[in-house]
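Working notes for the structure below.
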Amino acid sequence: MANVDASGGGIVLSRLSKSYGQVRAVRSIDLMIAPGETVALLGPNGAGKTTTLDMMLGLTHPDQGTVSVFGVPPAAAVRAGRIGAMLQTGSPPDLLKVREAVTLVASYYPHPLPVEDVLRLTGAAEFADRRTTKLSGGQTRRAYFALALVGNPDLFILDEPTSGIDVEGRRDFWQTMRSATERGKTIVFATHYLEEADAFADRIVLIARGRIVADGPATEIKAQAGSHTIRATLPGVDVASLGALPGVVGAERHGDAVILSCSDADMALSALLTRCPAARDIEVRGVSLEEAFVELTADDPDGDSTSTEQDRGGAGTGEKVTR
Amino acid sequence: MINTTHLRYDILRMYRVPTTVGLTIALPLVVYYAVTPGSRHAHPEGIPFPLYFMTGMAAYGAMWAAVFPGAHVARDRASGWTRHTRTTPLRADTYFVSKVLTSYLVAIPTLVLLGLAGASLGVGSMPRGGWRWPGCFSSAWHRSLCWGSPWATC
């Protein structure tokens, strides 16, 4: 977990909650992000990613809980020019050329980067003399990124920075991002693309239904959902009892087949064969991040209740057998 | 409180909308030159018509100069730009003051051109009122602000 000193060197969210009417968008999120970390907030649509980022930016006020950015409230960090943001639906201002828009935003910040450098770094130089409304989708996001970069902020908050861009464009964007931001910059971005989170973040915070359901490097997230699955044809066996086998964290039945999510596939396999020698068509494989994502963010009817249950770190593990 | 770069681009954005140029500059000039020669010797309310109508058209152009920054406020809000600026150190009062100053400054070319148009029709040398035109213009200019962005942003 992040190493954040007591003076609040990074970003600290504590017991953060926000509701819109009946909808509880964010439910008591605790999160610490150390300076220099690249963190992905990953989750399905409506998970609460944008609301969380908006509260980090001071655009939305939490109902409960606090946000501290570099030891001060978000609004103070914004005023000091320490944050550069890309909003989900944001774009550069109209009626200006790209170079003009970047120059304009540079004038807001106390220590901006040279405009021409920013245009070159972001690849926006090639369309710097075009109007901001005459760009392709990928160019618009690049130009918008140039606006976030030119202020030379310490923290980037990027809400789905590559939405609407194709796979190649996304890779280009992140290469640019990497080369444009020196080491030591903190980056928090929201995405619902797993590969993007996996490829570009040091750490993934998985959010579902307004809660953090997993937090760690991609490998840890996979492990949390069970690192391997065993699939076997095994009619007429109680899945609940299979879920209790050593090394197994979850069991499901699909017709005659059972699927076991395993923390230790070797142990689980030998236990399964000892117990059910009749098992056939056995298949063992590693879990993809995508499966871990689905496992951990799966719809949970209990999640909508108003009970004050703990944030379920590693929710999903073993739940399917107990339900 | 005043960011000159921001102000410069606010004004530039105004002139990039053709309607703004048409209504603040072209239309008042065209109408002035079209109407005035036919009524040169009239004296509505005791004022020589060329001066009277010059002031009226200047006020008309200045009114549009004051209205358009308000439209740009709406534009910025609708496009999400206003929201984005809230993630930057730009202060709301800097944004607001810039729009008000834009109203003022964009009216100046209108007033200068109408003044020249009036001069070309002999306003400056007219008895009974030639000397009044600076006052008329000042009034047209400052009062045009009541149409302007302060009300749109409140």
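The values are calculated or read from the model by the stated rules, or taken from the named source; none is laboratory data. Small disclaimer: the values here were computed from a predicted structure and weren't measured. Virtual Cβ from ideal backbone geometry, glycine too; neighbours counted across all protein chains shown. Quick note on the areas: whole protein, heavy atoms, side chains included, nothing else; ligands and nucleic acids left out. Shrake-Rupley method; radii C 1.70, N 1.55, O 1.52, S 1.80 Å.
If you take all other residues with their beta carbon under 11 Å from the beta carbon of residue A:79, and give Lys and Arg +1 and Asp and Glu -1, the sum is +3. The local environment of residue A:231, defined by Cβ-Cβ distances under 13 Å, has a net charge of -2 under the rule Lys, Arg +1 and Asp, Glu -1.
Net charge in the neighbourhood of residue B:85 (other residues with Cβ under 11 Å of its Cβ; Lys, Arg +1, Asp, Glu -1) is +3. As a calculated quantity, the FRET efficiency between residue B:125 and residue B:16 at R0 = 41 Å, using C-beta atoms, amounts to about 0.60. Protein heavy-atom accessible surface, 1.4 Å probe, per residue over chain B: 47 Å².
Placing pseudo-labels 7 Å out from each Cα toward the beta carbon at residue B:39 and residue A:253 gives an inter-label distance of 9.4 nm.
For the stretch A:182-192, the Karplus equation 6.51 cos²θ - 1.76 cosθ + 1.60, evaluated at θ = phi - 60°, returns couplings of 5, 5, x, 7, 9, 10, 10, 9, 9, 7, 10 Hz by residue, with Gly and Pro reported as x. Note on residue B:31 and residue A:14: with the Förster distance fixed at 51 Å, the Cβ-Cβ geometry gives a FRET efficiency of about 0.20. Residue ranges B:7-20, B:47-60 sort as B:47-60, B:7-20 when ordered by packing (mean number of other C-beta atoms within 10 Å per residue, highest first).
Straightening the chain between residue A:281 and residue A:168 buys 36.8 nm, computed as 0.36 nm per residue apart minus the Cα-Cα spacing.
Based on Cα contacts under 8 Å between residues 6+ apart, the stretch B:4-148 shows a relative contact order of 37 percent.
Taking Cα atoms only, the orientation of helix A:167-180 departs from the longest principal axis of chain A by about 60 degrees.
Under the rule a/c < 1.5 gives rounded, and otherwise a/b versus b/c splits prolate from oblate, where does the protein assembly as shown land using the Cα gyration tensor? Prolate, because a/c is 1.5 or more and a/b exceeds b/c. Inter-chain Cβ neighbour count for B:6-19, averaged per residue, equals 3 (cutoff 10 Å, partner chain atoms only). Placing +1 on each Lys and Arg Cβ and -1 on each Asp and Glu Cβ, with no other charges, gives the stretch B:4-148 a dipole about its Cα centre of roughly 360 debye.
Once divided by 2.2 N^0.38 Å, the Cα radius of gyration of the stretch B:4-148 becomes 1.20. Qualifying GluC sites (Glu not before Pro) in the stretch A:45-133, where qualification requires a DSSP coil assignment and no more than 12 other C-beta atoms within 10 Å, are lacking entirely. Projected onto the charge dipole of the stretch A:140-258 (+1 at Lys/Arg Cβ, -1 at Asp/Glu Cβ, origin at the Cα centre), which of A:207, A:163, A:151 gives the Cα projection farthest towards the positive end? So the residue we want is A:151. For the protein assembly as shown, the share of accessible area belonging to carbon and sulfur comes to 57 percent (1.4 Å probe, ligands and nucleic acids excluded). Of A:192, B:41, A:111, the order by accessible heavy-atom surface (1.4 Å probe, DNA, RNA and ligands excluded), from most exposed downward, is B:41, A:111, A:192. With all protein chains in place and ligands, DNA and RNA left out, the 1.4 Å accessible area ranks A:276, B:146 as B:146, A:276, largest first. Rounded to the nearest 500, the 222 nm mean residue ellipticity of chain B from helices alone is -22000 deg cm²/dmol, with -39,500 (n - 2.57) taken per DSSP H run of at least 4 residues.
Along the stretch B:51-58 the Karplus relation, 6.51 cos²θ - 1.76 cosθ + 1.60 evaluated at θ = phi - 60°, assigns HN-Hα couplings of 6, 4, 6, 4, 5, x, 5, 4 Hz to successive residues, with x for each Gly and Pro. Between helix A:265-275 and chain A there is an angle of about 20 degrees, using the helix long axis and the longest principal axis of the Cα atoms. Only sites in a loop by DSSP and with at most 10 other Cβ atoms within 10 Å count here; which trypsin sites (Lys or Arg not before Pro) in the stretch A:103-194 make the cut? Passing sites in the stretch A:103-194 are A:183. Mean partner shielding of peptide A:98-104, defined as the number of other chain Cβ atoms within 10 Å of each residue Cβ, is 3.
Scanning residues 5 or more positions from residue A:130 or on other chains, those with amide H under 5 Å from its amide H are A:98, A:99, with H placed 1.01 Å from N in the peptide plane.
Rounded to the nearest 10 degrees, the inclination of helix A:137-150 to the longest alpha-carbon principal axis of chain A is 70 degrees.
Other protein chain C-beta atoms within 10 Å of residue C-beta, averaged over A:147-153: 2. With R₀ set to 35 Å, the beta-carbon distance separating residue A:136 from residue B:86 gives a calculated FRET efficiency near 0.85.
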